[in-house]
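First the structure, in the form of structure tokens, and then the observations on it.
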Amino acid sequence: MTAQGSGSNPSTDLARHQSLWGKALQWTLIALLVSTAFLTGDGPAVAQGMSSWLIMCYLLVGCAWGIYQWLFPTVGFYRQWPTFLFSLAVVLMLISVFKNLEGGDFRASLNSWWLWVALAVGFTLILQLCRTQRLARGVVAVMTAVAVSISCIGIYDSLVRIPVFRSEYFSASAQERIEILQMAGISDVRVGAPGRYHFESRIQSPEPHVTFALTNSLAGFLAPWFTLMLLTLLNPGRKVSVNHVRLKLLVCIGLIAFCLILTKSRSACCAVVLSLLSAGLWLKSYRSVVLRAGLVLGVIGGFVFVLGLVTHRLDTKIVTEALKSLSFRMEYWESSMSMAWDNLWTGVGPGNFRDNYTLYKQAAASESIADPHNWPLEVLTSFGLPVLLLMVSVFVAGFRQYHVLAQANPEIEEKFTRRRTILIPDLSLNQVYLAGGFGCLIGLLVDQLTYALIPLFVFYVVLPAFAIVIFLLQDWIERGELNRHHLMVAFVCWLLNLMVAGGISYPGVAFTGWILLGLALRVNLPTESPSAQVLVSKTQRRTKLIIMAGLLLLAYFTTHRPVTLSERHLLNARFQLSQNQTTNALEHLRDAIDADPYGTEAYIQYANILFMQMRKNIDAQLWEQYQTLVSQALALNAKSQAAYELFSQQALLLYLEHQQPEVLRKAMEYSMRQTELYPESAYLWARLAIFQYYTGQLSEMNLSIENALRLDKDNPHLEFKLSNRRFSESEFAGWKGRQIYFEKAGESIEQSLQYVRNRTKQQ
């Protein structure tokens, strides 16, 4: 007789291992989605590689998903058109990336493209792993808890931290203010100078941005979660104590609403209202919900708005300057359309918008921007028309699939869940909460260990606030309902906000939309459509695994390793410079160049050191070496305004100290190239006139002065007027102090130009 239980059951062991794998993937994905909200960055930050660790994490989870499907062939793959079209769009983006191998910033393009890969992988994982209503509620709950936590920090910033800093700054002495400005990286500390003007304008305005680079980005993150919670407040589910749950939801909504109002983001607030209105027009059965939502929104909005006025954190400018803000947007869009038309099929490449924008910027425009503040234009200018059409197709396919699923019977989901419990296990709610808390902690820790952009006190606010919100939402998470319509309305809110605000390539803002769309396509998924849930063949599983592993290795060797290694050497070089160890600093910079041959920062830092050495004694060897580095830096990004500005300033200073004609010719060359890249800048034409004054090109000088004065007349912004600016050099790395390079430095640029013109007439 055979002994029973003497050995393990292979099928049971397989199910247990499958369960562990599935839960580990779900847990890691949730933690990763939460941490993304704390390491957001804007477009330039992404282009610099600040999101490389985030990219690697998403690709690691994607690779783990491929291994999971290989080990357990019975796990089905949820096949959807949005995923396929998104992946196809990302592949097509590569054409725009490689376009910048010559003449553009290839490193910025490559870094930015890899973030789009991470977005596509993350969206796919959400569709594959967030399969049930309960897990989806858990994901929404932790993301709402993050939104509330960030809102608490934003309220504190607006009511306490920013006012305290503002009071300290304006009560400080003139010298103390200068020191604060210099610590903030502002070299021209003269009253009325553009850098100082914008700094003081920012601290006078109490709008928070918390973990985000921009206030509008914070609002773009909060608005969809506010919309989703507002609709959930009206329809929390039949199995919960409605009044009890609504009171708790109201607390969360109120905090998000207050922070949202404090951002003064008109685009986000309008997106909330318009998304509700569009839902009412689109879904006839939804109109009663919209009416009730509008009533609640009006009450909450009115109360919060009055609270903002009472606390002196809001003023009438939020309404009176709406048209002014819209006019700025129109300027951005007009210039962006011109850029898109000239680069219709391939765009200018991701991460290269700012360097190309100045070529199309209007003289009357307020500022040079990093993105067009409109997601279709951002995609069009970066990647061209084919990619834009594919991205529109992604959203169209998503809406179509949502419409199909919305007609199905949601009660089938419970049966589906029971049947698939062994194959696709769900995390327990405690495990979901733990994943969310771990994601908060990791996001904050990574920031502190890398760039330290988030204030340290945030640690003491986020985790307790997160735990409190989870406690408040516990009843709804366990017994409530997550309506597919609510998710799609929140997604529409996200999409509408991005029509007038940047963010589709900002990690924190972008992932919000893909989370909402992914959950909308998975919540209450019926089992009646066998085409959606398929078992893939061995060849397909092998192909997917190879692709994911290949993407992981490519991302490591093309982005993560070169960027992080180069940054480490750059940090060491800066430290050595601070200790006056120039030789050691140069060694680290050479290592940085070797680590990342497509990065420009190491070349520029190396050239800075040689420039400082040539200020004492310029010789042929040093000058040749300097020119080689400058040429290499400009070859890597031939449209970099910052690089041409720096090198032209350096060359002019060297000429003024050593009077070598060759150096002056180089200064002239860089300055002329800069005016070609930014033809509507009055300041650059004025500076070119000074170069021409030194070279004796008097007729060309007069023409440049005329251009400068004409463009200055067309510019209505006082902080940029030539009457409020002066000629001075920037501060370079490792060189203390400033030196004025023109004899009429104490006067404005406008006065200096008149002086030069009169002097040449006398001569």
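The values are calculated or read from the model by the stated rules, or taken from the named source; none is laboratory data. Treat the numbers as computed from the prediction; the structure is a model and nothing was measured. Cβ sites come from the backbone with ideal geometry, for glycine too, and all protein chains shown count toward neighbours.
Laid out as a table, the results:
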read-out: Residue that is nearest to Ser631 (Cα to Cα), among those in region 664-707 that are touching a residue at least 24 places away in the same chain (Cβ under 8 Å) and in a loop (DSSP other than H, G, I, E, B); value: Tyr678
read-out: Residue identified as within 30 Å of Phe221 (Cα to Cα) and of a type in the set (Asp, Glu) among Glu601, Glu567; value: Glu567
read-out: Close pairs (7 angstrom Cβ cut-off, 6 or more residues apart or separate chains): closer than 17 Å to Arg590 by Cβ in region 613-626, small (Gly, Ala, Ser) and in a helix (DSSP H, G or I) anywhere; value: Tyr626/Ala607
read-out: The listed residue being over 20 Å from Gly22 (Cα atoms), among the aliphatic types (A, V, I, L, M) and assigned to a helix (DSSP H, G or I), out of Val140, Val117; value: Val117
read-out: Single residue of Asn216, Asn235 found to be buried (at least 23 other Cβ atoms within 10 Å of the Cβ) and over 16 Å from Val146 (Cα atoms); value: Asn216
read-out: Near pairs, Cβ below 6 angstrom, 6+ apart or cross-chain, from region 242-259 (surrounded by 21 or more Cβ atoms within 10 Å (Cβ to Cβ)) to any residue that is aromatic (Phe, Trp, Tyr); value: Val245/Trp476; Ile256/Phe226
read-out: Verdict on Val563 being closer than 30 Å to Val117 by Cβ and within 31 Å of the chain's Cα centre (by Cα); value: yes
read-out: Test for Glu179: is it of a type in the set (Asp, Glu), outside the structural domain of Gly62 (by TED's automatic domain parsing) and modelled with pLDDT under 80; value: yes
read-out: Neighbours by Cβ (under 7 Å, 6+ apart or cross-chain): first from region 479-492, under 18 Å from Gly503 (Cα atoms); second polar (S, T, N, Q) and part of a helix (DSSP H, G or I); value: Ala490/Thr227; Val492/Ser275; Val492/Ser278
read-out: Some residue of region 94-108 being farther than 30 Å from Tyr603 by Cβ and not aliphatic (A, V, I, L, M); value: no
read-out: Test: residue in region 226-233 that is modelled with pLDDT under 80, not basic (Lys, Arg) and not assigned by TED's automatic domain parsing to the domain that holds Leu444; value: no
read-out: Selection from region 683-711 of residues that are β-branched (Val, Ile, Thr) and more than 41 Å from the chain's Cα centre (by Cα); value: Thr695
read-out: Enumeration of residues in region 632-672 that are among the hydroxyl-bearing types (Ser, Thr, Tyr) and either farther than 16 Å from Arg687 by Cβ or within 35 Å of the chain's Cα centre (by Cα) (or both); value: Ser640, Tyr644, Ser648, Tyr670, Ser671
read-out: Conditions (1) crowded, with 19+ Cβ neighbours inside 10 Å; (2) closer than 30 Å to Ala120 by Cα; (3) at pLDDT 90 or above: number failed by Tyr556; value: (1)
read-out: Condition met for Leu496 (aliphatic (A, V, I, L, M) and within 29 Å of Val446 (Cβ to Cβ)); value: no
read-out: Candidate set: region 664-721, residues that are small (Gly, Ala, Ser) and surrounded by fewer than 16 Cβ atoms within 10 Å (Cβ to Cβ); chosen: the one modelled with the lowest pLDDT; value: Gly696
read-out: Failed criterion for Phe106 (all others in (1) among the aromatic types (Phe, Trp, Tyr); (2) modelled with pLDDT of 85 or more; (3) under 30 Å from Leu255 (Cβ atoms) hold); value: (3)
read-out: Index of the failed condition, Ser531 passing every other in (1) farther than 25 Å from Ser109 by Cα; (2) modelled with pLDDT of 90 or more; value: (2)
read-out: Qualifying residue in region 106-118 (condition: of a type in the set (Lys, Arg), touching a residue at least 40 places away in the same chain (Cβ under 8 Å) and farther than 28 Å from Tyr402 by Cα); value: yes
read-out: Matching residues in region 79-93 - criterion: being surrounded by fewer than 18 Cβ atoms within 10 Å (Cβ to Cβ) and modelled with pLDDT under 95; value: Arg79, Trp81, Phe84
read-out: Checking Val446 against (1) at pLDDT below 85; (2) under 22 Å from Trp225 (Cβ atoms); (3) not in a loop (DSSP other than H, G, I, E, B), the condition it does not meet; value: (2)
read-out: Subset of region 618-656 that is outside any helix (DSSP H, G or I) and touching a helix residue (DSSP H, G or I) at 6+ places or on another chain (Cβ under 9 Å) - its residue that is modelled with the lowest pLDDT; value: Ile618
read-out: Search result, residues across region 83-105 that are part of a helix (DSSP H, G or I) and free of Cβ contacts under 8 Å to residues at least 60 places away in the same chain; value: Thr83, Phe84, Ser87, Val90, Val91, Leu94, Phe98
